[in-house]
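Student: Below you'll find the structure I mean.
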Amino acid sequence: MNITFYPYHPFSVQNKKITVCSTSSPEVYTKLIAGMSGAQETVKFSNDQYELMDYSKAVIWGGDVAAINLNHLFQNRLIKKFAADLTDQQRQKLTQLDSEIRSTILDAAFMYELTLDVNQEWDLQRMIKFYNLQFSTVVQHDPYGIIESIVQTAVELNESKIITLINVSHYLSINQFNELVRLVATLNVKLFLIEFSEEVKSDQYQKCCYYHIDNDYVEWRYE
């Protein structure tokens, strides 16, 4: 997939290799974020055949790691997939437990001299939502855990969009970033990182597809 940020040649974002675009220009930084977040149409997206794609089909915007809510980003889709992937045995068990709960509620309702009933319609997804299947709070307070969960969830959901995060280097140690590089290399996921940096860091990103735009708007490429 390609990200076109005029007047530069398209940035290529592929599976299994992190793509990093850093810049020392505040103007470039703000315009690139505006485009990747969907706030402005400052960037264009295309597939490998350079056919234009709508923003909604091209990007998963994560933004700043500290502000990411994993449940807001993925919970509904994850619950839907979870419900679809349950085995017949697991479904039967949940149906049985649901029936027992309804029966217990009705038995308890006999304490009133009223004609009461409960809804007998069973909705598996609604049941899972009621018990609030969600990402662990431990993960959501760990920057590396958040990023790892994002890329692994994208794989589980067969997501082909470009996951976009900003200033990941502020939250990860060098060892953690190298571990992220190794993780992404094993997964069919597209990860695009935007960084504000005063200098070119080609050594730090030597295992990534790396682009840098300096204060003079000159682009440096390390693909």
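Student: Which whole-Hz ³J(HN,Hα) couplings does segment 165-176 yield from phi under the Karplus relation 6.51 cos²θ - 1.76 cosθ + 1.60, θ = phi - 60°, glycine and proline marked x?
Tutor: So the J values, rounded to whole Hz, are 10, 10, 6, 4, 4, 6, 10, 10, 6, 4, 5, 5.
Student: What is the set of long-range amide H partners of Thr42 at a cut-off below 5 Å, with H atoms built 1.01 Å from backbone N?
Tutor: Hits under the 5 Å cutoff: Gly35.
Student: Report the Rg/Rh value for the chain, based on alpha-carbon coordinates and the Kirkwood definition of Rh.
Tutor: On the way: Rg = 22.9 Å, Rh = 20.0 Å.
Result: Rg/Rh = 1.14.
Student: Once phi is turned into ³J(HN,Hα) by the Karplus curve 6.51 cos²θ - 1.76 cosθ + 1.60 with θ = phi - 60°, what whole-Hz value does each residue of segment 150-158 show in order, with x for glycine and proline?
Tutor: Per-residue couplings from phi come out as 4, 5, 6, 5, 4, 5, 4, 8, 6 Hz.
Student: Let me ask you something else. Take the chain, connect every pair of alpha-carbon atoms lying under 10 Å apart with a spring to form a Gaussian network, then pick out the residue of Gln89, Gln206, Gln40 with the largest mean-square fluctuation.
Tutor: Between Gln89, Gln206, Gln40, it is Gln89 that shows the largest mean-square fluctuation.
Student: Points 7 angstrom from Cα along the Cβ direction at Leu114 and Ser136: gap in nanometres?
Tutor: A separation of 4.2 nm, rounded to one decimal place.
Student: Please identify, among Leu133, Leu97, Leu124, the residue showing maximal mean-square fluctuation in a Gaussian network model of the chain using a 10 angstrom Cα cutoff.
Tutor: Of Leu133, Leu97, Leu124, the most mobile in the Gaussian network model is Leu97.
Student: Past 28 Å, Cα to Cα, is the threshold; run Lys31/Lys81; Lys80/Lys161; Lys44/Lys129; Lys57/Lys93; Lys80/Lys207 against it and keep the listed order.
Tutor: Lys31/Lys81; Lys44/Lys129; Lys57/Lys93; Lys80/Lys207
Student: Over the alpha-carbon set of segment 105-223, work out the extent along each principal axis and list the three values in angstrom, largest first.
Tutor: Its Cα atoms span 80, 28, 26 Å along the three principal axes.
Student: Quick check: pseudo-label points 7 Å beyond the Cα along Cα→Cβ at Asp216 and Ile105, how many nm apart are they?
Tutor: Computed distance between label sites Asp216 and Ile105 equals 7.1 nm.
Student: Suppose R0 equals 35 Å. What FRET efficiency, 1/(1 + (r/R0)^6) with r the Cβ-Cβ distance, do Asn178 and Lys44 give to the nearest 0.05? Walk me through the numbers before you get to the answer.
Tutor: On the way: r = 32 Å, r/R0 = 0.91.
FRET efficiency, Asn178 to Lys44: 0.65.
Student: Can you list residues whose amide H is under 5 Å from Ser22's amide H, if they're 5+ apart or on another chain and H is modeled 1.01 Å from N?
Tutor: Distant-sequence amide H within range of Ser22: Glu195, Tyr211, His212, Ile213.
Student: Here's another thing I want to ask about it. For His9 and Ala67, what does the FRET efficiency come to when R0 = 41 Å and r is the distance between their Cβ atoms, rounded to the nearest 0.05?
Tutor: Details: r = 31 Å, r/R0 = 0.75.
After rounding, the FRET efficiency stands at 0.85.
Student: Go through segment 58-157 and name the chymotrypsin sites (Phe, Trp or Tyr not before Pro) that are in a DSSP coil and have 15 or fewer other Cβ atoms within 10 Å of their Cβ. Walk me through the numbers on the way to the answer.
Tutor: Working: sites: Trp61, Phe74, Phe82, Phe110, Tyr112, Trp122, Phe130, Tyr131, Phe135, Tyr144; in loops: Phe110, Tyr112, Trp122, Tyr131, Phe135.
Passing sites in segment 58-157 are Phe110, Tyr112, Trp122, Tyr131.
Student: Each residue of segment 188-199 in order: what ³J(HN,Hα) in whole Hz does its phi give by Karplus 6.51 cos²θ - 1.76 cosθ + 1.60, θ = phi - 60°, with x for Gly and Pro?
Tutor: For segment 188-199, the Karplus-derived couplings read 8, 9, 9, 10, 10, 10, 10, 10, 9, 9, 6, 9 Hz, x marking Gly and Pro.
Student: Tell me the GluC sites (Glu not before Pro) within segment 20-83 that lie in a loop according to DSSP and have at most 11 other beta-carbon atoms within 10 Å. Write down the numbers at each step before the final one.
Tutor: Details: sites: Glu27, Glu41, Glu51; in loops: Glu41, Glu51.
Taking segment 20-83 and a limit of 11 other Cβ atoms within 10 Å, the loop GluC sites (Glu not before Pro) found are Glu41, Glu51.
Student: Give the residues of segment 189-222 whose amide nitrogen is closer than 14 Å to a point set 7 Å from the Cα of Lys17 in the direction of its Cβ.
Tutor: The answer is 189-192, 205-211, 221-222, whose backbone nitrogens lie closer than 14 Å to the label point.
Student: Would you please give the FRET efficiency between Ser56 and Thr186, computed as 1/(1 + (r/R0)^6) with r the Cβ-Cβ distance and R0 = 35 Å, to the nearest 0.05? Working shown, then result.
Tutor: Numbers: r = 28 Å, r/R0 = 0.79.
Given R0 = 35 Å and the Cβ-Cβ separation, E is 0.80.
Student: Separate question: For segment 133-198, what does the convex hull of the Cα positions come to per residue, in cubic angstrom?
Tutor: Working: hull volume 6.2 nm³, N = 66.
Residue-normalised Cα hull volume stands at 94 Å³.
Student: Using only Cα atoms, locate the centre of segment 179-223 and the centre of segment 76-145, then give the distance between them in Å, rounded to an integer.
Tutor: Each part reduced to its Cα centre gives a spacing of 43 Å.
Student: Oh, and also: Given the options Glu113, Glu198, Glu121, state which has the largest fluctuation in a GNM of the chain using a 10 Å cut-off (strictly under) for Cα springs.
Tutor: Sorting by GNM fluctuation, first place goes to Glu113.
Since every read-out is calculated from the coordinates, none of them should be taken as a lab result. Every value quoted in this text rests on a predicted model; they were computed, and no experiment measured them. Because the Cβ atoms are built from the backbone with ideal geometry, glycine has one as well, and the counts that use them run over all protein chains shown.
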